[in-house]
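Any read-out appearing in this document is the output of simple, stated calculations on the displayed coordinates, not a laboratory observation. Remember, it's a predicted structure, so these values are computed and weren't measured experimentally. Note that we place each Cβ from the backbone using ideal geometry, even for glycine, and neighbour counts take in every protein chain shown.
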Amino acid sequence: MRHTLRQLEVFVEVAREASVSRAAHTLAMSQSAASSALLELERQFDVRLFDRIGNRLQLSALGRSIRPRAEAALEHARDLDSALQRQDDVGRLRVGATLTIGNYLAVPLLARFIRENPGANPALVIANTEEIARLVANFELDIGLIEGEVEHPDLELTAWRDDQLVVFCAPGDRLARKRALTDDDLRRASWIVREQGSGTRQAFDRAMQGLRSQLHITLTLQQTEAIKGAVEAGLGISCVSRLALEESFKRGTLHPCRVPHRDFRRQFFFLQHRQKFRSQAVERWLTLCRAP
């Protein structure tokens, strides 16, 4: 074998960071050592893996084609290292979750994963669907748990579980006294919604098809808890996942509104890179998430 795992580590990290200096910092190497490892890898095979664009390094066509295999080789090596150190050590797991899933589902799942897999080294990133998709596509996450649908040639969506959005208002709002809301009620209301790029916004816009351009959106916020607080304060009505509202409905601080003629059903998904090696940690995580 003409290449080393260290050379592959440098190649993969430079691909992520688009910078030798940042890659060297991440790998706890000197910049000169990282540059030498990368140059030696290219020289051994007489290839160019990166093109220099200004101060940034961009993967060449060959670099893009071999990156998934380099990532897979490193994951295989980490799995082997874990097996040699301790048989039940599943090693590193990098999970990304969109806000609703991250705040209401992922943390309890992560706690259970740690209990069932002593020695596991999981990390959780919470962001909107667009950002989680970017990180998975760039091999910075092993798996994403997302609320929205994504179209990307390198990414694979797998259905996970059902969810439903709920329109809600403050208990003192005039709409709280109505048995069901009509489209005229929706048009007259002041709306507080999630930002573009979020799965919740995607599902909301789909449910409001034919009416979306007529809605009066007064606030766009990135956090579900901030939206709930704004609705409680009487600034308008909103629509988010039932998962985020159940406790507020029980306490009576928010009120659910029935909109029976609109379809607020949606699905949560697993998001994975098609060419990424599925480590033991990822397989155990998927099994845990699918368990009743």
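Details
- The stretch 164-264, relative contact order in percent, only Cα pairs under 8 angstrom and at least six apart counted: 49
- Cut-off 11 Å between beta-carbons: net charge of the residues surrounding residue 223, Lys and Arg +1, Asp and Glu -1: 0
- Under a Gaussian network description of the chain, with springs only between Cα atoms under 10 Å, the residue in 132, 101, 217 that fluctuates furthest is 217.
- Across the chain, the mean sequence separation of Cα contacts (distance under 8 Å, 6 or more residues apart), normalised by length, yields a relative contact order of 21 percent.
- The alpha carbons of the stretch 164-264 give a radius of gyration and a Dmax of 12.1, 34 Å, in that order.
- Rounded tilt (10° steps) of 5-17 against the dominant C-alpha axis of the chain: 40
- Taken over the stretch 105-244, the convex hull of the Cα atoms encloses 139 Å³ per residue.
- Stokes-Einstein diffusion coefficient of the chain, Kirkwood radius over Cα pairs, 37 °C, 0.692 mPa s, in µm²/s: 152
- Net +/- balance of residues flanking residue 123 in space, Cβ distance below 13 Å, scoring K and R +1, D and E -1: 0
- All lysines inside 27 Å of residue 250 as judged from Cα atoms, apart from same-chain residues fewer than 8 positions distant: 178, 228
- Arranged from fewest to most other beta-carbon atoms within 10 Å of their beta carbon, 254, 62 become 62, 254.
- Top of 96, 148, 234 by mean-square fluctuation, Gaussian network on the chain, Cα under 10 Å: 234
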